[in-house]
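Colleague: Handing you this structure, nothing more for now.
Any read-out appearing in this document is the output of simple, stated calculations on the displayed coordinates, not a laboratory observation. Computed from a prediction, not measured in an experiment: that's the story for all the values here. With ideal geometry, Cβ positions are generated from the backbone for all residues, glycine too; neighbour counts draw on all protein chains shown.
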Amino acid sequence: LKSKLPDVGTTIFTTMSQMAQQYNALNLSQGFPAFDPPAFLTERLVHHLKHSTNQYAPMAGVPALREALSEKAVMLYGAAYNPETEITITSGATEALFCAISSVVGIGDEVIVIEPAYDSYAPAIRLCGGIPVYLTLESPDFCMDWEQLARLISPKTRLIIINTPNNPTGLVWEKSDLDRLAALVRGTGIFVISDEVYEHIVFDGAHFSVMMHEELAPRAFVIGSFGKTFHITGWKVGYCYAPEGLTCEFRKVHQFLTFSVSVTAQFALADILLREKAHYLGLSAFYEHKRNLFNDCLKQTRFRFTPAKGTFFQTVSFEGLTDETDRELVERLTRETQVAAIPVSAFYRHPKGGKMIRFCFAKDDDTLLAAGERLCKIQ
Ligand code: PMP
Ligand code: GLN
């Protein structure tokens, strides 16, 4: 068999979580919250399992959930999206990313990917016959290089993918960043995917959604995930906001990829999305406490870092600490220190010797303190 993705292996998240289990390590690698979903949500799930239909949801998503998402966009971002024609519920943000990419990228189209980048973007582009064109940001600061982005744009550029707040860097774009992006795509037919799955986890400032940008929103797919927001990564429910023309193409892919998404999960989420907004409005404070707790521990270690501005990830530098690669270091940490992390090189097309690793701090305080204590001991 001639593989369509010959260089793709098992994702680093699966690999490191398995290794964490094998060595009984504290798992700060794969990004998932270690807490139960809120009771107000599981109660509704159980209710709907017993009292509502358990058959296929409508292709675009349960109407009440799309309506709630539409209202939420008005409330938080002042953005008007028609729930009937401009909002689609997907199987996690991963499916939304795949549908958005598939609906606009064809053979030979170029897609600009800003790396370090989430690992699902490039394979999806390549499966559509597209060509990922990488804008490589350098550690430890990952400073956005606008001149280089301008140089990478060509007549073949079809799409630019951005991710704010960013996994793994924890960086958050400001409105001025979106203005610069808008200036670069002005007058072109380039589309934008904005991966905003960490929209509710932002410290020292606010999330500026692409939805709020009047020049970018008309050409953008804005993607989110309930997994991050309600501690339910295993439910796999995400969503995509896009103007009608884009949503129409998006749904053509979605209807033949999954057709529809867990009906019970959607009913439950629809019941609570507006009623329990205090949950996600308080999520930044919830995670800021954890970031600070974990960072206080990290200050006692030999790692160097700039506190994450968003997400539940803290990336640290081990420059000067060891000659190992980041991959070798995370494997040793898992085996010997019993704390698992993710090598940042996994977010690059060609593994870079950036000497950075990523910890997920979406864990109980006790776990974070225990991990901090162990990390103090590393040589
Ligand atoms: N984008 C980013 C940046 C992510 O970190 C993740 C998962 N953590 C996803 C997309 C995928 O989200 P989901 O689990 O909802 O598919
Ligand atoms: N997005 C999560 C992370 O960055 C992992 C998701 C997955 O395992 N596919 O850790």
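Colleague: With the cut-off at 21 Å, tell me which of the pairs Lys175/Lys299; Lys299/Lys363; Lys309/Lys363; Lys228/Lys363; Lys72/Lys228 have Cα atoms farther apart than that. Before the final figure, lay out each step's value.
Modeller: Details: Lys175/Lys299 31 Å; Lys299/Lys363 18 Å; Lys309/Lys363 18 Å; Lys228/Lys363 13 Å; Lys72/Lys228 16 Å.
Pairs exceeding the cut-off: Lys175/Lys299.
Colleague: Only loop residues by DSSP count here, and only those with at most 15 other Cβ atoms within 10 Å; note down the trypsin sites (Lys or Arg not before Pro) in segment 250-288 that meet that.
Modeller: Numbers: sites: Arg251, Lys252, Arg275, Lys277; in loops: Arg275.
Counting only loop positions with at most 15 other Cβ atoms within 10 Å, the trypsin sites (Lys or Arg not before Pro) in segment 250-288 are Arg275.
Colleague: What shape does segment 5-67 have by the C-alpha gyration tensor, where a ≥ b ≥ c are the square roots of the eigenvalues, rounded means a/c under 1.5, and otherwise prolate means a/b greater than b/c and oblate the rest?
Modeller: Because a/c hits 1.5 or more and a/b fails to exceed b/c, segment 5-67 counts as oblate.
Colleague: With springs only between Cα atoms under 10 Å apart, run a GNM on the chain and tell me which of Ile125, Ile107, Ile357 wobbles the most.
Modeller: Ile107
Colleague: Still on this structure, please answer the following. Towards the positive end of the charge dipole of segment 39-277, with charges on Cβ (+1 Lys, Arg; -1 Asp, Glu), say which of Ile201, Ser260, Gly108 has the farthest Cα.
Modeller: Ser260
Colleague: Exactly which trypsin sites (Lys or Arg not before Pro) in segment 106-195 are in a DSSP loop and have at most 14 other Cβ atoms within 10 Å?
Modeller: When the trypsin sites (Lys or Arg not before Pro) of segment 106-195 are filtered for loop state and at most 14 Cβ neighbours within 10 Å, Lys156, Arg186 remain.
Colleague: Pick out which of Gly106, Gly170, Gly92 has the largest mean-square fluctuation in a Gaussian network model of the chain, springs linking Cα atoms closer than 10 Å.
Modeller: Gly106
Colleague: Now a separate question. Nearest 500 deg cm²/dmol is fine: what mean residue ellipticity at 222 nm does the chain get from its DSSP H runs of n ≥ 4 alone, each adding -39,500 (n - 2.57), divided by its residue count?
Modeller: For the chain, the value works out to -11500 deg cm²/dmol.
Colleague: Where a ≥ b ≥ c are the square roots of the eigenvalues of the C-alpha gyration tensor, would you call the chain rounded, which needs a/c under 1.5, or, failing that, prolate if a/b is larger than b/c, or oblate?
Modeller: Oblate, because a/c is 1.5 or more while a/b does not exceed b/c.
Colleague: Pop the C-beta distance of Thr53 and Phe286 into the FRET formula with R0 = 45 Å and round what comes out to the nearest 0.05.
Modeller: In this case the efficiency is close to 0.85.
Colleague: Which of Thr229, Thr325, Thr15 moves the most in a Gaussian network model of the chain with Cα springs under 10 Å?
Modeller: Highest fluctuation of the listed residues: Thr15.
Colleague: Find out how many positive minus negative residues lie around Leu369, taking Lys and Arg as positive, Asp and Glu as negative, among other residues whose Cβ is under 15 Å from that of Leu369.
Modeller: For residues surrounding Leu369, the net value is +1.
Colleague: Between Ala80 and Cys248, what is the spin-label point distance in nm, taking each point 7 Å from the Cα along the Cα→C-beta axis?
Modeller: Taking the simple label geometry, Ala80 and Cys248 are separated by 2.0 nm.
Colleague: Ok, one more. Using a 7 Å offset from Cα along Cα-Cβ at Asp323, what residues in segment 352-378 end up with backbone N under 17 Å from the label point?
Modeller: Output list for this probe position: 353-355.
Colleague: List the residues, sorted by chain then number, that are 5 or more residues from Thr136 or on another chain and whose placed amide H is less than 5 Å from its amide H.
Modeller: When sequence neighbours closer than 5 places are left aside, the close amide H contacts are Glu115.
Colleague: Additional query: Only loop residues by DSSP count here, and only those with at most 15 other Cβ atoms within 10 Å; note down the GluC sites (Glu not before Pro) in segment 64-162 that meet that.
Modeller: Those that pass, being in a loop and sparsely packed, are Glu84, Glu138.
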